[in-house]
Amino acid sequence: MPTPTAPVPAGPPARAWARWRRGKDLPISSAASGVEDANRRFLLYGVLPMWVLPGVADWWMHRRTRIEDTSGAHESAVHALMMTEAGVPVAVGLLAKINPLVLSVMGGAALAHGATALYDVSFATGRREVRPIEQHIHSFLEVLPLTAMAFAACLHPEAVRATLRGGPGADDWKLLPKERPLPARYLAALGATIAVGVGLPYAEEMRRCLRARRVRRAA
């Protein structure tokens with residue numbers, strides 16, 4: 001029986017990223033019916049785009065309760081922080097090889113996102129009306145980062161085992177590109193969806209809040 005060989009280290013991360021798109025793309029829309037393929041498709045075509053719907057709904061609730069005249073730019077800045085806490089691990093998970101470093105980033109970001117969400121609600125409730133439906137929308141936004149991390153862990157059990165062992169491998173704590181990157185068309189479509197469905201509404205919210213603050217100071 002041949003002795004298994006240890007994986008060859010990928011080398012410096014900068015050199016690995018320079019070769020990022022040279023590998024064959026990972027197919028995600030094939031007719032394969034295995035559990036792993038189904039989980040990957042649900043994560044990429046279900047969980048990640050699904051983030052946009054409660055995000056837009058939450059923005060609409062802020063608009064209805066006139067955030068610009070109540071909790072203002074401070075709460076809008078907290079929303080931007082939460083989007084960053086959710087967006088960074090998503091971007092890393094989509095582009096980088098899943099290893100102990102990436103799983104740790106995902107877990108830490110999910111914990112930070114939950115703590116920031118708690119502060120956000122605590123700050124807002126004393127300054128504007130936070131309706132029950134808005135709190136229900138928040139429950140979706142809070143659970144989706146954990147859901148995405150859970151799917152990533154299920155798809156990469158070897159990375160989970162390495163994380164639990166403290167990441168002893170040479171590349172376990174390096175930010176490396178995926179060996180088989182996701183299709184560029186998928187990444188572009190998802191990026192455009194998030195930009196239009198999340199980035200633009202919350203940029204409009206911040207603009208509204210800053211404009212209202214300038215008006216109040218000028219009065």
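The values are calculated or read from the model by the stated rules, or taken from the named source; none is laboratory data. Since this is a predicted model, take the numbers as computed values, not measurements. Here the Cβ positions follow ideal geometry from the backbone for every residue, glycine too, while neighbour counts run over all protein chains shown. What goes into the accessible areas is simple: the full protein's heavy atoms, side chains included, and nothing from ligands, DNA or RNA. Shrake-Rupley method; radii C 1.70, N 1.55, O 1.52, S 1.80 Å.
General remarks:
- In degrees, nearest ten, helix 200-218 long axis to first principal axis of the chain (Cα): 30
- Using alpha-carbon coordinates, inclination of helix 52-64 to the longest axis of the chain, degrees: 10
- Projecting the Cα atoms of L164, V130, L200 onto the dipole axis of the chain, where Lys and Arg carry +1 and Asp and Glu carry -1 at the beta carbon, places L200 farthest toward the positive end.
- Gap separating the Cα centres of segment 50-98 and segment 182-219, nearest whole Å: 9
- In the context of the full set of protein chains, the chain has a per residue accessible area of 57 Å² (1.4 Å probe).
- Check: the chain dipole with +1 on Lys, Arg Cβ and -1 on Asp, Glu Cβ, in debye: 720
- Carbon + sulfur, % of accessible area of the chain - ligands and nucleic acids excluded, 1.4 Å: 66
- For the chain, the residue among A86, P177, L210 whose Cα projects farthest onto the positive side of the dipole built from Cβ charges is L210.
- Axis angle, to the nearest 10 degrees, between helix 184-194 and the longest C-alpha principal axis of the chain: 20 degrees.
- Accessible area (Å², 1.4 Å probe, nearest 10) - F42: 100
- Dipole magnitude of segment 106-219 about its Cα centre (Cβ charges: Lys, Arg +1; Asp, Glu -1), debye to nearest 20: 700
- Charge dipole magnitude, Cβ of K and R +1, D and E -1 - segment 47-166, Cα centre, debye nearest 20: 200
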